[in-house]
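Peer 1: Got a structure here, written out as structure tokens. Questions coming.
The values are calculated or read from the model by the stated rules, or taken from the named source; none is laboratory data. Source: prediction; values computed, not measured. Backbone-built Cβ (ideal geometry, glycine too); neighbour counts: all protein chains shown. Ligands, DNA and RNA are stripped out before the accessible areas are found, and what is left, the full protein with its side chains, is counted by its heavy atoms. Shrake-Rupley method; radii C 1.70, N 1.55, O 1.52, S 1.80 Å.
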Protein chains: 2
Amino acid sequence: MKCKRCRKAEAAVDLPSHHSAFCPDCFFLYFRRQVEEGIRKLSLLAPDDRVLVCVSGGKDSLVLWDILMELGYRTEGLHIDLGIEEYSGRSREKVLAYAGARGKEPIVLDLREEGIPIPEAATRARKEECSVCGTVKRYHFNRIAARRGFTVVATGHNLDDEAARLLGNLLHWDHDHLSRQHPLLPEAAEGLVRKVKPLWRVSELETAAYGFLKGIDYVTEECPLSVDATSLVYKEALSLIEEKMPGTRRHFYQGFLLKNRDVLNNSKAPSRGLISHILVLVPGLFKNVPVFK
Amino acid sequence: MKCKRCRKAEAAVDLPSHHSAFCPDCFFLYFRRQVEEGIRKLSLLAPDDRVLVCVSGGKDSLVLWDILMELGYRTEGLHIDLGIEEYSGRSREKVLAYAGARGKEPIVLDLREEGIPIPEAATRARKEECSVCGTVKRYHFNRIAARRGFTVVATGHNLDDEAARLLGNLLHWDHDHLSRQHPLLPEAAEGLVRKVKPLWRVSELETAAYGFLKGIDYVTEECPLSVDATSLVYKEALSLIEEKMPGTRRHFYQGFLLKNRDVLNNSKAPSRGLISHILVLVPGLFKNVPVFK
């Protein structure tokens, strides 16, 4: 099959949800435009922003860093070593290798030194690992960004992540989480830095294809603690529907953002939750780390 | 495993979404109470109603007729022979056998004699078979109920049907259909008879178990035209989630009815749509049948 844009090169990426297929060069252009459009539409970033990019070592976050650098934003990478078996070591290596090849030196926070490794934190908090991990990461992302003068924190969540989260929130009619679900959470009192998800318009498949075709070397294994994560079940359910009805995921999430988010939340602007309720529940969880910046 | 209610007999039906398991007798009681509760909560039926039960020959509609008779409602069965290959013949036989054994004679409408068989109707309307079939059936259910003095039409849609429909409507943010999604559609102008779904609180598995344990002989095969029905994809996606998180489907649909339906529809009461827009699109589709009662 030929690329549907240039009609010359062989198509390398098939995108049924866009009724399209692109050769690598046209796909890069498409992907870049999707991300630019996502940033522009919701005013996620300004040219003079100092962007702290949260890089786990997985494809989404490294692709995010890559495309933000390509788009000319001022970025630094922040990697949190979660202290999860060999998985964390391998993830850290990928981040350091990627950054090193581009003359960058990421900020690295090792939870075994500053803080508490996730498996132990989950045991102490008596909560599910993914939930504790999310809270701990959000806390440190914000703390480090605020302390070091970054104007915005960027994470690599893609369309599949956000649509799956939306499905979960709707299945449980969780208005609290629905009100906080948006690619832009504005700066707020108590030192909360703006938080953005610039990849909200591109799918997981698109991000993976971009990473692969750009030769970005990322951790391909899933986190060993996330095997039973509920978010994976919602993703699987949506993938099943997407396969039969390409484009459903995109319409679902974009339809939510454009109109139905306001309807469901009484026209409220995106709100910020407490950074971390487990701060309250588990005193001492963030050992060696000042609780507020 | 013992029945969790009587703690004596062996459990025959396992209901993880209710953290329960019942022997046949206790399950009949449970099922009957669920249906009674569903009727009472939304005032679906009154003791003096004359109920026209739409019976396809499948498990849901025969179980509906069975339980409504057991609950003492005045019912008659209406079967529409859709003219779909051998499937329709086998379905009709099941309905006649079930009714005959209970001294009942269902009203039968044969689309090959009055009207147009579904395969031909779909070709003429240039629409998907399931969509045309639904419209044609709704039209005749209402017409026959109104002409014969029934006060209400009852269909066998269960919790799985309604939750799948809700998921589809939310994925497409279809406010028009969301506003009409309710187990009770009230009587309305232009001869629209009240329409109810008394099985809205019981799952497909529960309905199947009830039918099986009561020895009701129903058509087990799916309609050959429904293989690609989108509703089946939504059902499959929800089943995947339900399996990992029992009870999700029930909370999803009940949460919609109890609170979020109003939020999404600006507090409007359930509205009735046009009986049949294909009446307009395809004149002559209902040959030999008066268009209005």
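Peer 1: For B:M69, what accessible area in Å² do you get when you roll a 1.4 Å probe over the heavy atoms of the protein chains, rounding to the nearest 10?
Peer 2: 50
Peer 1: Over the stretch B:1-139, what lengths in whole Å, largest first, do the semi-axes of the equivalent ellipsoid take, defined as the square roots of 5 times the eigenvalues of the alpha-carbon gyration tensor? Provide the component values of the computation, followed by the final result.
Peer 2: Details: eigenvalues 234, 64, 48 Å².
With the √(5λ) rule applied to the stretch B:1-139, the semi-axes are 34, 18, 16 Å.
Peer 1: Would you report the distance distribution of C-alpha pairs in the stretch B:116-162 as whole percents per 5 angstrom bin, up to the bin with the largest distance?
Peer 2: Taking every Cα pair in the stretch B:116-162, the percentages come to 5, 19, 21, 18, 18, 15, 4.
Peer 1: Mind ordering B:49-62, B:91-104 by average Cβ neighbours within 10 Å, highest first?
Peer 2: On the way: B:49-62: 23.4, B:91-104: 16.2.
Order by mean packing, descending: B:49-62, B:91-104.
Peer 1: Expressed as a fraction of 2.2 N^0.38 Å, the rule-of-thumb size for a compact globular protein of N residues, what is the C-alpha radius of gyration of the protein assembly as shown?
Peer 2: Values: Rg = 28.2 Å, N = 586, 2.2 N^0.38 = 24.8 Å.
Here the answer is 1.14, to two decimals.
Peer 1: Using a 1.4 angstrom probe on the protein heavy atoms only, could you order B:K4, B:K195 from most to least accessible area? Don't jump to the answer; show the numbers that get you there.
Peer 2: Numbers: B:K4 100, B:K195 45 Å².
Ranking B:K4, B:K195 by accessible area, largest first, yields B:K4, B:K195.
Peer 1: What are the semi-axes of the equivalent ellipsoid for the stretch A:81-236, taken as the square roots of 5 times the Cα gyration tensor eigenvalues, largest first, in whole Å?
Peer 2: So the equivalent ellipsoid measures 23, 21, 19 Å along its semi-axes.
Peer 1: Also, I was wondering about something else. Relative contact order for the stretch B:1-116: what percent, with Cα pairs under 8 Å and sequence separation of 6 or more?
Peer 2: Details: 144 pairs, mean separation 19.7, N = 116.
Here the relative contact order equals 17 percent.
Peer 1: Rolling a 1.4 Å sphere over the protein heavy atoms, what is the accessible area per residue of the protein assembly as shown, to the nearest Å²?
Peer 2: Numbers: 26810 Å² over 586 residues.
In whole numbers, the protein assembly as shown has 46 Å² accessible per residue.
Peer 1: Hey, another quick one. Is it possible to state the helix-based mean residue ellipticity at 222 nm for chain A, with each DSSP H run of 4+ residues giving -39500 (n - 2.57), the sum divided by total residues, to the nearest 500 deg cm²/dmol? What is it?
Peer 2: On the way: 12 runs with 134 residues, N = 293.
My calculation for chain A gives -14000 deg cm²/dmol from helical runs alone.
Peer 1: In addition: If you fit an axis through the alpha-carbon atoms of helix A:159-171 and take the longest principal axis of the Cα set of chain A, what angle between them do you get, 0 to 90°, nearest 10?
Peer 2: 70
Peer 1: 7 Å along Cα→Cβ for the label point: how many nanometres lie between A:H18 and each equivalent label in the other copies, listed shortest first?
Peer 2: 4.9
Peer 1: Could you give, in nm with one decimal, how far A:H172 is from each other copy of that position, shortest first, with labels 7 Å out from Cα toward Cβ?
Peer 2: Output for A:H172: 2.9 nm, nearest copy listed first.
Peer 1: Hey, quick one: spin label on A:D262, modelled 7 Å out along Cα-Cβ, who in the stretch A:139-178 has an amide N within reach, i.e. under 11 Å?
Peer 2: none
Peer 1: May I ask which residue of chain A has the beta-carbon nearest to the axis carrying chain A onto chain B, and at what distance in whole Å?
Peer 2: Whole-Å result, nearest residue of chain A to the axis: A:A237, 2.
Peer 1: Taking a label point 7 Å from the Cα of A:L71 along the Cα→Cβ vector, which residues of the stretch A:38-57 have an amide N closer than 14 Å to it?
Peer 2: A:38-54
Peer 1: So, one more: Using Cα-Cα distances under 8 Å and only pairs 6 or more residues apart, what relative contact order does chain A have, in percent? Could you put the intermediate results ahead of the total?
Peer 2: Numbers: 451 pairs, mean separation 66.9, N = 293.
Worked out over chain A, it gives 23 percent.
Peer 1: Regarding the stretch B:39-101, what whole-number volume in Å³ per residue does the convex hull of its Cα atoms give? Don't skip to the end; give the middle numbers.
Peer 2: Values: hull volume 5.3 nm³, N = 63.
Value for the stretch B:39-101: 85 Å³ per residue.
Peer 1: Relative to the longest principal Cα axis of chain A, at what angle does helix A:129-147 sit, 0 to 90 degrees, rounded to 10?
Peer 2: 80
Peer 1: For B:D176, what accessible area in Å² do you get when you roll a 1.4 Å probe over the heavy atoms of the protein chains, rounding to the nearest 10?
Peer 2: For B:D176, the solvent-accessible surface is approximately 90 Å².
Peer 1: Mind listing the Cα extents of the stretch B:159-241 along all three principal axes, in Å, largest one first?
Peer 2: Taking max minus min along each principal axis of the Cα atoms, the stretch B:159-241 gives 40, 29, 25 Å.
Peer 1: Moving on to the next point. Rounded to the nearest 20 debye, what is the charge dipole size of the protein assembly as shown about its Cα centre when +1 sits on each Lys and Arg Cβ and -1 on each Asp and Glu Cβ? Can you show the working numbers first?
Peer 2: Details: 86 positive and 78 negative charges, 346 e Å.
For this selection, approximately 1660 debye.
Peer 1: Got a sec? Charge dipole of the protein assembly as shown, +1 on Cβ for Lys and Arg, -1 for Asp and Glu; which of A:C23, A:V227, B:V136 is way out at the positive end?
Peer 2: My answer, from the dipole projection, is B:V136.
Peer 1: Using a 7 Å offset from the Cα along the Cα-to-Cβ direction at both B:A101 and A:R112, what is the distance between the two label points in nm, to one decimal?
Peer 2: Each label point is offset 7 Å from its Cα along the Cβ direction, giving 6.8 nm.
Peer 1: Ranked by accessible surface with a 1.4 Å probe, highest first, in what order do A:H175, B:H177 come? Spell out each step's value before the answer.
Peer 2: Working: A:H175 45, B:H177 75 Å².
Greatest to least solvent exposure: B:H177, A:H175.
Peer 1: On a C-alpha basis, how far is the centre of the stretch A:69-106 from the centre of the stretch B:211-225 in Å? Whole number, if you could?
Peer 2: Rounded to whole Å, the Cα centres lie 58 Å apart.
Peer 1: With all protein chains present, calculate the accessible area of B:R124 using a 1.4 Å probe and round the result to the nearest 10 Å².
Peer 2: 100
Peer 1: Within the P(r) computed for chain A, what percentage of the Cα pairs occupies the region above 31 Å?
Peer 2: Values: 11567 of 42778 pairs.
Result for the distance tail: 27 percent.
Peer 1: In addition: Using a 1.4 Å probe on the protein chains only, how many percent of the accessible area of the stretch B:195-258 belongs to carbon and sulfur? Working shown, then result.
Peer 2: Details: 1530 of 2810 Å².
The computed percentage sits at 54.
Peer 1: Label-point separation (nm) for A:E243 and B:K244, each offset 7 Å from Cα along Cα-to-Cβ?
Peer 2: 1.5
Peer 1: With +1 assigned to the C-beta of every Lys and Arg and -1 to the C-beta of every Asp and Glu, and no other charges, what is the dipole magnitude of the stretch B:1-105 about the Cα centre in debye, to the nearest 20? Present the calculation step by step, with values, prior to reporting the outcome.
Peer 2: Numbers: 17 positive and 16 negative charges, 122 e Å.
Value, rounded to 20: 580 debye.
Peer 1: Per the Kirkwood formula on distinct C-alpha pairs, the Rh of the stretch B:75-164 is how many angstrom?
Peer 2: Working: mean 1/r = 0.0699 Å⁻¹.
Kirkwood radius, the stretch B:75-164: 14.3 Å.
Peer 1: Could you please put B:E190, B:E129, B:E206 in sequence from largest to smallest accessible area, using a 1.4 Å probe?
Peer 2: Numbers: B:E190 150, B:E129 65, B:E206 5 Å².
Sorted by accessible area, descending: B:E190, B:E129, B:E206.
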